[in-house]
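Q: The structure under discussion is supplied below as structure tokens; questions concerning it will follow.
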Amino acid sequence: MGHHRPTTRSKNKRSRPDETAEATTESFRKIILTKTVTEDDVRQLYNVWRPVCQGCRVNSKDNPNCFCGLIPPPNGSRKSGLWQKTSEIVNSLGPDPSKDLRSSSSTPAGLTNLGATCYANSILQCLFMNKSFREGVFSVEPQILEGEPVLNNLVRLFAKLHSSKMAFVDSAPFIQTLELDNSIQQDSHEFLTLLFSLLERCLSQSKVSKARTIVQDLFRGGVSHVTRCSKCGNESEASSKIEDFYGLELNVKGLKSLDESLDDYFSIEELHGDNQFYCDACATRADATRSIKLRSLPAVLNFQLKRCVFLPNTTAKKKITSLFHFPGELNMAQRLSDCSELNLVYDLSAVLIHKGSAVNSGHYTAHVKDDNTDEWWEFDDEMVSNLGQEPFGPTSSISTVNIGQNEPVDYSSSVKEKDTLLDDSNMNVNQPHSLESNGIHHSKTFSSVDAYMLMYALKASKGNSQRTAAQSLEHKIESDSSLVSQETDGSLPFHILEDIELSNAAYLDSCEQYKSKKEFMLNHIMVRRQEVRLVLSKAPVQPLETPYFWISSDWLRHWTDSAMPSIIDNTSILCLHGKLPLSSISCAKRLSAEAWTNLYSQYGGGPTLTKDDYCTDCIFEMGRNMARANVYRDQRLLMKELAEAALSGEHLDGKLYYISKSWLQQWLRRKNIDLPCDADSGPTASIRCPHGELMPEIAAGAKRILVPESLWMFFQETAMEVKPDDSVGRSTFSSESEPCATCGIELTEAAYSEDSLREFKLKQRLNHEKLCMNKNIALCPQIKYYLVPSYWLSKWRSYVNAGGKNASSAELDALNSVVDMLLCEKHSKLLGRPPELLWKRDLIFQKPSVTDGMTIIAEDDWRLFCEDWDGTESKGISAKIEIDSDVRDDNIGTCIDMSIPEEHLRINDGIHNGSSRRLLVKTSPQVCEECIGERECSELMRKLHYSNEDICVCLISGKEPPKSILEASGSISEPSRRTSKRSRKSTYGNSVNLNVSGTTSVYQLKMMIWETFGVVKENQILHKGSRVIDGETASLADMNIFPGDILWVTDSKIHENRDIADEVSNTNLEVHVAEEGFRGTLLTSAISSQAVSEAYLNY
């Protein structure tokens, strides 16, 4: 037999509202009648009778037995509170310090990046991973460290990298001691060189020999610049001078490998002609050779790869990103002059990486080998990654070659082996050879496009070391070899170890505190959730006779959703009598005695509300209000019939009273009104004038209607009940009341004024019909016209055409004052030019004038304007049109002329001779060219000095632009003139708005176009209208490009595409700022570190 799911659809079905309301009304009626409240009344009124809710999606307010929706489903969660996801609860505790715990003591620690200090972090990691250097700085005496803040912070930084429990160390103390700017990227090689120099000065005061010369012993070598006479073989006197170096700077441009770069570095230069060398032995100028000789080698050999080259044409720097190959082992024996040793092999120990295509930006990382485990690590600021046995990880490109071979290395395959026997006859200074005379030795070769510095460490000597001819070189190599091979016991100086242990203890303690706090919080959350589910499962009260308690829904909701709930608070659901009123039933829930006991015993609070704590006073008050509401509804129903009869115009008997018609209409629209409200006040407020009398009906909003006396008395009583102090809003006006005479006179005068204004505007429209309709009139030669400002005519047109709400628009200025503004004060001449004229269908018309221009009107229009707008006819600016021959009259400087083609000269005045004619507009007074020129010059200067304005640039794919773009690009823009929204929103296909200034160069504009559209600047053909914009050094103002202009550009596709970063790296868009480098820091300061320490102590 199958199992059938029980039907639960109608189990908790709510009763119909009308049935519930009817039962509630009946209960109140019985309570008022008997003046007693029974238990059945309480069950009905307080909704105790409702069944226990099971299955609501949200908590029901009208059912005190509904506990649904207070907590999410078993597998659900919420955004906040007790039922958050566990991960979000853990996140609210803050960051977990144990995530920064060092995985193991064998894993190196990272360094924090303070903004742009990755260059320093990479160098510091390379130095720290060198055991000999680390041991040397650890052996410095405490009293020396106290007087040398740079050295002291370096030792403490190394100690934390060595023994800190954290995965990364704060580099701020050391960086701040050097006074470095955290926001500026610097060159890592320059930083290393200056740091070595500073450390040499700081360590020179130490009495520990290993510490005092650790920088020189590990990193310093010697070279000499040898010039040798080709005739006698004599070397110059300066050739014997040895110069110290901390790293060899090798060229990489055009070179593929470290071997080629070394060959280039030690190559021999021939000196001929003007470059001949004066030989003391020959006592004459002679041909010579010049080269660099390697005199001594350090234990740690640094190669600076010169990827940043100077471009003399642009005075800028550019980074070379070509692939560069370098071996894992490097034999420098044959590179060293006067050396009999064959076994002088260096192992690759570190690779400094510069990522990015620009010189002054990018990011530095370091790949360093751990001498103890031979594992490579990548140091990327705080992040440290294990690369395995290869410097670039197991997937790096490797070639296996013989380090003693003379043949060029083939890098075409990822792994390649060559076995070559040693040929002693081919050995020379500039080529490396194998380590064993009859053996074969293989070495891996690596490649990188970002390698910036290479560090090689000298291999420890095996067996008896062979001595060279130079005793100093022998001592140097042996000393360095012993330093490199020296093992460290991992211990730190006592005065540093104590601080590190305290720091580690504090960090581990914070990890334990976080762990304890997390465990406590999660356990507490779990216990609280179990508690909430248990109490809610016991909360429903099943039998009606069982004792129960009332509790605030708001507190219960807070309790179910809070990890740390407060005491029980039922004060929000109490009435003035300290009981539970009917009005609070939607904000209360009915709890079982067991659930209430659980809550009260644990949280306390209150007050306690039992099943008998209902408020009888509030029940009786609500019953009386309900009775009043019933009476009011019945009365309103009767009054509604009378109001509808009054509005319909039916005959009304008895005494009548005036009320506002609009108020009555609003009163009828209101529905479901149980008691009077604020809207029932002021039935006569809008028909009462300021004098306390009846407002005439011609006033706005003063329409009135007569209603029966019974309806008026009802309105008056309800208005008094709502607003007892508002006697004005319920003023009584019987049907015999007369309108206010004073208000009537005022309204009549206002109406007459409006009628007069309406008649005046109509007269204006009739007298100036064509001007009012903005029609362009045909003009004739030798007829007198007048000029008026276009802006005044536009305002006049708006004034006479305004109607309705806009009828009271502001009047125009008097014509006399307007004409005076058109004349210059200096010469009393016309301060503006007449409009241009054109031929159209054998007639002469004036071009539409801009707002600040002038318009030609007929003589009759001018005369009528003077009569109506306070003008003097004789003061007007007259104008006459003449048709002149093609012979220019130089005396006419105040006229606007326009060439007229022959086919357009067909006016009935008989003028048809000549190849062309021009239209002349002669004005009286004449145009003041001097003042106009000064004004136009000032306006041009203002236009030329714009900044941060937009121009539009359109990319055209074809050879010719669309006509719309060509016309828009060729038109003259007016920055001060406001354009329409449609015009401002116009787009022209593939276009963009660029923010420019008048001083922006064409070159800078082309760079913006390159960045936006990807068209290289050499391929851009830039146009404004039909004009091509050439050159790159001119500014936009020089090329007459102003705000709002539309330019169009095409792609010639002649030159091949390239990255814009290459162009940006060659030259900057803005003015070059001199590179400060490390100027102003302690690395270049002449003040000793001791003086800086004393300054800190005095401060």
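The values are calculated or read from the model by the stated rules, or taken from the named source; none is laboratory data. Worth saying up front: this structure is predicted, and the values here are computed from it rather than measured. Positions of Cβ are generated from backbone atoms using ideal geometry, with glycine treated the same way; all protein chains shown enter the neighbour counts. Quick note on the areas: whole protein, heavy atoms, side chains included, nothing else; ligands and nucleic acids left out. Shrake-Rupley method; radii C 1.70, N 1.55, O 1.52, S 1.80 Å.
Q: Does Gln186 meet the test of being assigned to a loop (DSSP other than H, G, I, E, B), crowded, with 19+ Cβ neighbours inside 10 Å and among the polar types (S, T, N, Q)?
A: Criteria met by Gln186.
Q: All but one of (1) more than 30 Å from Ser583 (Cβ to Cβ); (2) modelled with pLDDT under 80 hold for Lys11; which doesn't?
A: All conditions pass for Lys11, except number (1).
Q: While we're looking at this one, here's another question. Pull up the range 925-946, narrow it to residues that are open to solvent by 70 Å² or more (accessible area, probe 1.4 Å) and in a loop (DSSP other than H, G, I, E, B), then point me to the one that is farthest from Lys826 (Cα to Cα).
A: Top of the filtered list is His945.
Q: Now a separate question. Determine which member of the set Leu70, Leu93, Leu82 is in a helix (DSSP H, G or I) and farther than 30 Å from Asp617 by Cα. Before the answer, list the steps.
A: Numbers: Leu70 fails: in a helix (DSSP H, G or I); Leu93 fails: in a helix (DSSP H, G or I).
Matching residue, one of Leu70, Leu93, Leu82: Leu82.
Q: Still on this structure, please answer the following. Which one of the conditions (1) within 52 Å of the chain's Cα centre (by Cα); (2) within 30 Å of Glu930 (Cβ to Cβ); (3) open to solvent by 50 Å² or more (accessible area, probe 1.4 Å) does Ser798 fail to meet, given that it meets all the rest?
A: Every condition holds for Ser798 apart from (2).
Q: Would you tally the residues in the range 239-284 being charged (D, E, K, R), at pLDDT 85 or above and assigned to a helix (DSSP H, G or I)?
A: Of the residues in the range 239-284, 4 are charged (D, E, K, R), at pLDDT 85 or above and assigned to a helix (DSSP H, G or I).
Q: Can you name the number of the only condition in (1) surrounded by 11 or more Cβ atoms within 10 Å (Cβ to Cβ); (2) at pLDDT 80 or above; (3) in a loop (DSSP other than H, G, I, E, B) that Glu88 fails?
A: For Glu88, the exception is condition (3).
Q: Out of curiosity, is Gln205 without any contact (Cβ under 8 Å) to a residue 12 or more places away in the chain and open to solvent by 60 Å² or more (accessible area, probe 1.4 Å)?
A: no
Q: Just checking, how many residues over the range 727-772 are within 23 Å of Arg636 (Cα to Cα), open to solvent by 50 Å² or more (accessible area, probe 1.4 Å) and charged (D, E, K, R)?
A: Of the residues in the range 727-772, 0 are within 23 Å of Arg636 (Cα to Cα), open to solvent by 50 Å² or more (accessible area, probe 1.4 Å) and charged (D, E, K, R).
Q: So which residues in the range 725-754 are under 27 Å from Asp678 (Cα atoms) and not in a loop (DSSP other than H, G, I, E, B), if there are any at all?
A: Ser734
Q: Let me ask something else about it. Of the numbered conditions (1) part of a helix (DSSP H, G or I); (2) open to solvent by 20 Å² or more (accessible area, probe 1.4 Å), Ile496 satisfies every one except a single condition; which is it?
A: Evaluating Ile496 over (1) part of a helix (DSSP H, G or I); (2) open to solvent by 20 Å² or more (accessible area, probe 1.4 Å) leaves (2) as the failure.
Q: What are the pairs, 6+ residues apart or on separate chains, where a residue within the range 257-286 that is closer than 20 Å to Leu454 by Cβ and open to solvent by less than 70 Å² (accessible area, probe 1.4 Å) has its Cβ under 8 Å from a residue that is part of a loop (DSSP other than H, G, I, E, B) and of a type in the set (D, E, K, R)?
A: Leu262/Arg335; Phe266/Arg335
Q: Follow-up. Within the range 716-737, which residues are without any contact (Cβ under 8 Å) to a residue 12 or more places away in the chain and over 18 Å from Gly692 (Cα atoms)?
A: If the condition is that a residue be without any contact (Cβ under 8 Å) to a residue 12 or more places away in the chain and over 18 Å from Gly692 (Cα atoms), then Glu717, Met720, Pro724 are the ones that fit.
Q: Right, next: Going by the structure shown, is Trp712 part of a helix (DSSP H, G or I) and within 60 Å of the chain's Cα centre (by Cα)?
A: no
Q: Mind checking which residues of the range 331-389 are modelled with pLDDT of 90 or more, in contact with a helix residue (DSSP H, G or I) (Cβ under 7 Å, 6 or more places away or on another chain) and open to solvent by 20 Å² or more (accessible area, probe 1.4 Å)?
A: His363
Q: Select from the range 596-628 the residues that are of a type in the set (A, V, I, L, M) and in contact with a strand residue (DSSP E or B) (Cβ under 8 Å, 6 or more places away or on another chain) and list them in ascending order.
A: Leu599, Leu609
Q: Being touching an Asp or Glu at 6+ places or on another chain (Cβ under 7 Å) and either open to solvent by less than 10 Å² (accessible area, probe 1.4 Å) or not in a loop (DSSP other than H, G, I, E, B) (or both) is the filter; apply it to the range 120-148 and report the residue that is farthest from Met166 (Cα to Cα).
A: Of everything passing the filter in the range 120-148, Lys131 is farthest from Met166 (Cα to Cα).
Q: Hey, another quick one. Here are some residues: Gln513, Gln542. Which one is more than 30 Å from Asp170 (Cα to Cα) and either open to solvent by 20 Å² or more (accessible area, probe 1.4 Å) or over 51 Å from the mean Cα position of the chain (by Cα) (or both)? Show your work before the answer.
A: Numbers: Gln513 fails: more than 30 Å from Asp170 (Cα to Cα).
Of Gln513, Gln542, the one residue that is more than 30 Å from Asp170 (Cα to Cα) and either open to solvent by 20 Å² or more (accessible area, probe 1.4 Å) or over 51 Å from the mean Cα position of the chain (by Cα) (or both) is Gln542.
Q: Looking at the structure I just gave you, is Ser969 modelled with pLDDT under 85 and farther than 24 Å from Glu939 by Cα?
A: Working: modelled with pLDDT under 85: yes; farther than 24 Å from Glu939 by Cα: no.
In short, no.
Per-residue answers, yes or no, for (1) of a type in the set (Val, Ile, Thr); (2) open to solvent by less than 70 Å² (accessible area, probe 1.4 Å):
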site	(1), (2)
Ser794	no, yes
Glu811	no, no
Asn816	no, yes
Cys824	no, yes
Trp839	no, yes
Ile857	yes, yes
Cys866	no, yes
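Q: Could you check Ser686 against (1) within 19 Å of Lys723 (Cβ to Cβ); (2) surrounded by 14 or more Cβ atoms within 10 Å (Cβ to Cβ); (3) touching a residue at least 40 places away in the same chain (Cβ under 8 Å) and say which number it fails?
A: (3)
Q: Same structure, new question: Counting only residues that are open to solvent by less than 20 Å² (accessible area, probe 1.4 Å) and modelled with pLDDT under 80, which one in the range 49-64 is nearest to Met626 (Cα to Cα)?
A: Step by step, filter the range 49-64, then rank; the result is Ser60.
Q: Residues of the range 588-604 being open to solvent by 30 Å² or more (accessible area, probe 1.4 Å), in contact (Cβ under 8 Å) with a residue 40 or more places away in the chain and out of contact with any Ser or Thr (no Cβ under 9 Å at 6 or more places or on another chain), which ones?
A: Within the range 588-604, Glu594, Asn598 meet the criteria.
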